[in-house]
Every structure is written in C-alpha cells, then in structure tokens.
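The values are calculated or read from the model by the stated rules, or taken from the named source; none is laboratory data. Just so we're clear, the structure is a prediction, and the values are computed from it rather than from any experiment. Every residue, glycine among them, receives a Cβ derived from its backbone with ideal geometry; neighbour counts consider all protein chains shown. Protein only, heavy atoms only, side chains kept; ligands, DNA and RNA dropped before computing areas. Shrake-Rupley method; radii C 1.70, N 1.55, O 1.52, S 1.80 Å.
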Amino acid sequence: MDITVSPNNPIPLYQQIVHQVRAKVLTGELRAGDPLPSIRQLASQLIASVITTKRAYSELEAEGLIVTRAGLGTFVADLDPKTIMGLKKEVVMEHLEEGVRVARQLELVDEEINRLFRQALDGSEKRV
C-alpha cells in the first residue's frame, strides 16, 4: 500500500494516513478483503510511531472502512455501493463546508460563494 506522510504537513500524521486510506477505499484502489499492512509494518514503512498508526487504524475501523481479524490481520471492509457513495458525499461535503467557512470569514456573500463554486466546477471540467 503506497502511503506517504510528511511531518511538515500541518495535518497530524494519523489523519494523513486516514485520509489516504479512505481515498484508496472510496476510489476502489483498495477493494473489499484487501489486506493492509500490520500496525507495526506501516509504522516502520512511514517512519512513524506505532501509536500513530494504531490511532489511524482505530479511526478507519470506527468508520467501518477496515476490519481487524484477530490472528489474521487487517483488511478492507466489504462495503455496499450505497455506503461507499454516502461516504464519498460526506468527504466532499466536509471540504465544501470548509470552503464556505473560509469564504464567510473573508466576508463574501452567498452569491459570490456560489459564483466561485460554479467557476471551480467549470474549471475542474477543463482540467480533467
């Protein structure tokens, strides 16, 4: 599993792991039943503490994205397409809400926020 973390990133290491594993599951790069490295293996690979990787795995397990089977290891959970779509929408909504929060802090009115959203949406189509 290819994950990279940076201690220079303001996002805590465990959250960097969570975000990347979540994205890999939601995009299908990691599929149901795929094994994940052990907590110790991932910590060694990322040059991070076992506590950091354990916290990331705990959060991913709480979200239902991974399951740990005693004596067998940790695996990607078997999620139905409806659940995956719901999780994708949650992730996107978190980012959109953050954008709205920043725009309001900068005292932009809703019409301007909506225009910027449309501009971003149109711009993303051109880049794809």
Item to check | Per residue accessible area of the chain, 1.4 Å probe, in Å² | outcome: 70
Checklist outcome for this item: Here the residues of the stretch 1-35 lying in the modelled label zone of Ser58, meaning backbone nitrogen under 14 Å from a point 7 Å along Cα-to-Cβ, are 14-15
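Which value at 222 nm does the chain reach when only helices count, each DSSP H run of 4 or more adding -39,500 (n - 2.57), with the total divided by all residues and rounded to the nearest 500 deg cm²/dmol?
Per the formula, -20000 deg cm²/dmol.
What area, in nm² and to one decimal, does the C-alpha convex hull of the stretch 13-128 cast on average over all directions? List each step's numbers first, then the result.
Working: hull surface 37.6 nm².
It is 9.4 nm².
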Next on the checklist: From zero outward in steps of 5 Å, how is the percent of C-alpha pairs of the stretch 1-49 spread across the bins?
Outcome noted: 5, 20, 30, 25, 15, 5, 1
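In a shell of Cβ-Cβ distance under 12 Å around Asp2, excluding Asp2 itself, what net charge do Lys and Arg (+1) and Asp and Glu (-1) give?
0
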Checklist outcome for this item: In whole percent, the fraction of accessible protein surface over the stretch 3-118 that belongs to carbon or sulfur atoms, probe radius 1.4 Å, stands at 57
